[in-house]
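Report on one structure; see the data block that follows.
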Amino acid sequence: MAISTKNLYKKYGSRFVLEDLSLNVEEGSIYGFLGKNGAGKTTTIKLLSGLSIPSQGQIFVNGMDLSSESGKVKKILGLVPQDSDFYDERTALSHMVYYGRLKGLSKKESLEQSRILLDRVGLGNETFKKVGYFSHGMKTRLGIAQALLNNPKILILDEPTNGLDPVGIRQIRQILHDCSNTGITIFLSSHNLLEIQEICTHVGILDKGKLVAENTIEKIRHLESNGVITVGVYNSLLK
């Protein structure tokens, strides 16, 4: 398994945000983590990426225990948070080189990898443009390029298509498919079932901090068609 968790709990104050969460993310899969806002998706991503510590339970990444081998784990992870913070006055290339150096690349390596990755995410013509002029979708693509600088085996993204228009969504979807084709395991969160169905091979469904379903997308679709997953729409215009 690329990622697995066992009996994961996360408590804030007197309230459990996650309860008994056991995930299994297969190597090479595109795993969609589905749940409405407040279900605990971002909390889970913080735990998987080592930004937060579980109250109870274990996390394994490529067979390594995150609690005791966090340094090794972080070297094979790429993280794209929901809102990436960039310096408005820096250019795309300047950002990439800066983070490349932080990840241990030489200046020459940083420049070479940055140009390749910016082109890969469709920002090759925006290399010297200041990030303050970037759209939300462009910043998301820059965030993905930045996360790929260390050639990660696993890419984790928190709602990467949130707030994007249809064109931006298609661009991100294609980038993630391209990453998957190179052998990268992808874990992404979303509250959009349709988006998960379009891009993912596997899905886990989180509700109020608990995993209520986990399977391949085909089997989840089968469950949905048999009424196990129900979506209701209320139209006030019908009153």
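The values are calculated or read from the model by the stated rules, or taken from the named source; none is laboratory data. Keep in mind that this is a model prediction, so the values were computed, not measured. Ideal geometry is used to build each Cβ from the backbone, glycine not excepted, and the neighbour counts take in all protein chains shown.
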Practice prompt. Scan Leu118, Leu193, Leu155, Leu93 and give me the residue that is at pLDDT below 95 and among the aliphatic types (A, V, I, L, M).
Written response: Leu193
Discussion item. Return the residues of region 158-185 that are surrounded by 20 or more Cβ atoms within 10 Å (Cβ to Cβ) and farther than 25 Å from Lys46 by Cβ; say none if nothing qualifies.
Written reply: none
Discussion item. I'd like the full set of residues that are surrounded by 15 or more Cβ atoms within 10 Å (Cβ to Cβ), over 15 Å from the mean Cα position of the chain (by Cα) and either in a strand (DSSP E or B) or charged (D, E, K, R) (or both), limited to region 186-204.
Written reply: none
Worksheet item: Failed condition for Asp65, given (1) closer than 21 Å to Ile196 by Cα; (2) modelled with pLDDT of 95 or more; (3) touching a helix residue (DSSP H, G or I) at 6+ places or on another chain (Cβ under 9 Å), with all others met?
Response: (1)
Fill in: Residue that is farthest from Asn151 (Cα to Cα) [pool: residues in region 173-185 that are part of a loop (DSSP other than H, G, I, E, B) and in contact (Cβ under 8 Å) with a residue 24 or more places away in the chain]
Gly183
Discussion item. Yes or no: region 20-30 includes at least one residue that is closer than 23 Å to Gly163 by Cα and at pLDDT 95 or above.
Written reply: yes
Worksheet, complete the sentence: Of the residues in region 11-50, those that are in a strand (DSSP E or B), in contact (Cβ under 8 Å) with a residue 60 or more places away in the chain and either within 17 Å of Asn192 (Cα to Cα) or basic (Lys, Arg) (or both) come to Ile30, Tyr31, Gly32, Phe33, Leu34
Worksheet item: Which residue out of Lys108, Lys72 is out of contact with any strand residue (DSSP E or B) (no Cβ under 6 Å at 6 or more places or on another chain), of a type in the set (Lys, Arg) and without any contact (Cβ under 8 Å) to a residue 12 or more places away in the chain?
Response: Lys108
Worksheet entry | Members of region 117-165 that are among the polar types (S, T, N, Q) and either more than 23 Å from Leu77 (Cβ to Cβ) or free of Cβ contacts under 8 Å to residues at least 40 places away in the same chain (or both) | Asn125, Thr127, Ser135, Asn151, Thr161
Fill in: Matching residues, region 115-157, being of a type in the set (D, E, K, R) and buried (at least 22 other Cβ atoms within 10 Å of the Cβ)
Arg141
Worksheet item: Of all the residues that make up region 31-56, how many are over 15 Å from the mean Cα position of the chain (by Cα), surrounded by fewer than 18 Cβ atoms within 10 Å (Cβ to Cβ) and not hydrophobic (A, V, I, L, M, F, W, C)?
Response: 6
Discussion item. Can you find, within region 82-105, the residue that is nearest to Asn162 (Cα to Cα) among those that are of a type in the set (Asp, Glu) and touching a residue at least 12 places away in the same chain (Cβ under 8 Å)?
Written reply: Asp88
Worksheet entry | Filter result for Val97 (more than 19 Å from Asp178 (Cβ to Cβ) and buried (at least 18 other Cβ atoms within 10 Å of the Cβ)) | yes
